[in-house]
1. Output the residue which, of all residues in segment 43-86 that are in contact (Cβ under 8 Å) with a residue 60 or more places away in the chain and open to solvent by 60 Å² or more (accessible area, probe 1.4 Å), is nearest to Q147 (Cα to Cα).
2. Residues A434, A445, A441, A449: which one is at pLDDT 95 or above, more than 26 Å from the chain's Cα centre (by Cα), within 22 Å of R292 (Cβ to Cβ) and not β-branched (V, I, T)?
3. From A350, A343, grab the single residue that is surrounded by fewer than 21 Cβ atoms within 10 Å (Cβ to Cβ) and outside any strand (DSSP E or B).
4. Among the residues of segment 228-239, how many are open to solvent by 20 Å² or more (accessible area, probe 1.4 Å) and in a strand (DSSP E or B)?
5. What are the pairs with Cβ atoms under 7 angstrom where one residue, in segment 139-161, is of a type in the set (F, W, Y) and open to solvent by less than 60 Å² (accessible area, probe 1.4 Å) and the other, located anywhere, is assigned to a loop (DSSP other than H, G, I, E, B) and modelled with pLDDT of 80 or more? Sequence gap at least six, or different chains.
6. Test G387 against the stated conditions and say whether it is under 24 Å from W316 (Cβ atoms), open to solvent by less than 30 Å² (accessible area, probe 1.4 Å) and without any contact (Cβ under 8 Å) to a residue 40 or more places away in the chain.
7. Specify which of the listed residues (A9, A39, A28) is surrounded by fewer than 16 Cβ atoms within 10 Å (Cβ to Cβ), modelled with pLDDT under 90 and closer than 19 Å to L138 by Cα.
8. From the list G290, G279, exactly one residue is touching a strand residue (DSSP E or B) at 6+ places or on another chain (Cβ under 9 Å), part of a loop (DSSP other than H, G, I, E, B) and closer than 20 Å to F371 by Cβ. Which is it?
Amino acid sequence: MTNLEGAPAEASDVRGRVAELHAIREQARRGPSERATEAQKAKGKLTARERIDLLLDEGSFNEVEPLRRHRATGFGLEAKKPYTDGVVTGWGTVHGRTVFVYAHDFRIFGGALGEAHATKIHKIMDMAISAGAPLVSLNDGAGARIQEGVSALAGYGGIFQRNTKASGVIPQISVMLGPCAGGAAYSPALTDFVFMVRETSQMFITGPDVVQAVTGEKVSQNGLGGADVHAETSGVCHFAYDDEETCLEEVRYLLSLLPQNNRENPPTVESDDPASRRGDSLLDLVPADGNRPYDMRKVIEEIVDDGEYLEVHERWATNIICALTRLDGQVVGIIANQPQSLAGVLDIEASEKSARFIQMCDAFNIPLVTFLDVPGFLPGVDQEHGGIIRHGAKMLYAYCNATVPRISVILRKAYGGAYIVMDSQSIGADLTYAWPTNEIAVMGAEGAANVIFRRQIADADDPETMRARMVKEYKSELMHPYYAAERGLVDDVIDPSDTRQVLIRSLAMLRDKHADLPSRKHGNPPQ
């Protein structure tokens with residue numbers, strides 16, 4: 001005789017009880033049925049346990065509450081009580097360091113969240129916060145379990161509360177591997193990083209059917225909330241990949257660049273790239289003519305260890321680059337204007353992107369290196385009406401509030417308020433360097449000359465000749481490469497080829513930097 005789960009019904013000795021335990025655990029491990037597994041595979045998706053195996057070091061996973069079952073009744077639930085209740089939770093290691101994880105099992109109730117399901121997630125989140133280790137969520141769920149009513153909704157509230165409690169304390173990474181709709185989408189939005197897989201993962205508050213019913217707009221699930229939409233348009237997604245295997249491997253790489261918690265520094269590794277390596281190619285990569293574009297990524301590749309870096313939000317707000325990398329084995333965060341996109345100006349999206357990245361780096365003790373080549377803020381009615389003042393202030397606030405080591409390097413243009421916002425010495429940068437191609441000024445020479453010498457130009461017999469002469473005069477007086485250095489606004493003008501070794505030496509000096517913020521409950525950053 002056997003029980004409902006296929007385990008022996010009568011176990012009269014220890015060996016029998018152990019056999020029963022193994023049978024139950026195997027049932028929990030296998031999941032509901034082969035048919036459900038085949039349906040998951042048919043969608044091009046892995047199972048929850050396969051995903052965990054790819055994320056964690058081999059054999060390191062320790063499951064928590066694998067035998068948990070719901071206690072709900074009604075709507076047929078009392079006859080269907082699968083083990084795990086549709087979410088696999090536990091901890092393991094990534095590159096030998098502890099990481100907590102929970103993974104929705106879409107084969108069980110479509111991964112929908114019920115009371116027991118939510119309680120398991122709450123528990124693993126609490127464990128991660130207490131242990132001071134990163135939390136990775138592998139999301140593939142159909143939202144709240146309708147059959148359980150408001151109890152399911154309350155479960156989301158507990159998740160959001162813990163996301164907020166953990167913010168800036170432990171790294172939180174959300175990996176979207178299936179649907180995530182309605183209120184469920186707010187949990188990933190509260191975490192530090194969001195990964196998505198093309199075609200199989202979607203995020204939206206209201207689905208395509210509701211959108212069509214309310215607005216008349218017809219759109220597919222991917223067109224509304226797919227990986228490419230969130231990676232390029234909304235900025236909700238930080239990283240998008242074509243398949244789950246690549247996605248989870250990149251999550252592992254990101255974790256290798258982050259500390260376990262806010263009380264630790266990121267892991268340092270031995271680097272085979274000499275700290276004294278010169279970057280002579282930088283002399284050719286960056287044109288002296290400020291109107292000529294170039295790819296800032298190539299500058300970064302030349303300076304950092306082995307040319308390797310992980311760009312965050314690569315396809316959103318492309319006029320600024322945010323990346324995690326290493327210099328002499330030490331993790332640093334890089335913020336850099338990208339002259340190839342909108343000439344590297346700051347706008348609403350670039351300000352938001354960089355502000356969040358700066359805050360993340362500061363929360364997790366990652367030094368900041370800023371490369372400036374910025375002609376100013378993007379002018380326009382749309383930008384002003386969209387709140388460029390408010391959004392630009394987010395970036396300013398993030399820099400001013402950051403207590404990690406901060407170094408800025410001015411490559412070429414650094415004009416107006418954008419120069420101040422991009423971690424200038426006046427807002428607290430620890431060290432500021434400039435290349436001999438730098439132009440630090442209130443505005444470009446042409447614009448400045450038109451303002452300052454407006455009457456002289458208008459009254460001249462040959463206005464264009466007079467304008468050219470005034471531009472040249474303004475440049476020679478106020479925009480030569482050493483003007484800021486002579487006034488102590490930059491610490492040194494350096495040979496571009498020496499940038500790598502200058503940064504490494506400066507970071508070594510700043511490694512034990514300590515800065516206290518004013519005593520307060522919290523600031524009130526611009527929103």
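1. F75
2. Numbers: A445 fails: at pLDDT 95 or above; A441 fails: at pLDDT 95 or above; A449 fails: at pLDDT 95 or above.
Of the residues listed, the single one that is at pLDDT 95 or above, more than 26 Å from the chain's Cα centre (by Cα), within 22 Å of R292 (Cβ to Cβ) and not β-branched (V, I, T) is A434.
3. On the way: A350 fails: surrounded by fewer than 21 Cβ atoms within 10 Å (Cβ to Cβ).
Of the residues listed, the single one that is surrounded by fewer than 21 Cβ atoms within 10 Å (Cβ to Cβ) and outside any strand (DSSP E or B) is A343.
4. Counting residues in segment 228-239 that are open to solvent by 20 Å² or more (accessible area, probe 1.4 Å) and in a strand (DSSP E or B) gives 0.
5. Note: no pairs meet the criteria.
6. Working: under 24 Å from W316 (Cβ atoms): yes; open to solvent by less than 30 Å² (accessible area, probe 1.4 Å): yes; without any contact (Cβ under 8 Å) to a residue 40 or more places away in the chain: yes.
Yes, satisfied.
7. On the way: A9 fails: closer than 19 Å to L138 by Cα; A28 fails: surrounded by fewer than 16 Cβ atoms within 10 Å (Cβ to Cβ).
The unique qualifying residue is A39.
8. Values: G279 fails: touching a strand residue (DSSP E or B) at 6+ places or on another chain (Cβ under 9 Å).
Going through G290, G279 in turn, just one is touching a strand residue (DSSP E or B) at 6+ places or on another chain (Cβ under 9 Å), part of a loop (DSSP other than H, G, I, E, B) and closer than 20 Å to F371 by Cβ: G290.
The values are calculated or read from the model by the stated rules, or taken from the named source; none is laboratory data. It should be emphasised that the depicted structure is a prediction, and the values quoted were computed from it without experimental measurement. FYI the Cβ positions are ideal-geometry reconstructions off the backbone, even for glycines, and counts take in every protein chain you see. Accessible surface is based on the protein model in full, side chains and every heavy atom, while ligands, DNA and RNA are left aside. Shrake-Rupley method; radii C 1.70, N 1.55, O 1.52, S 1.80 Å.
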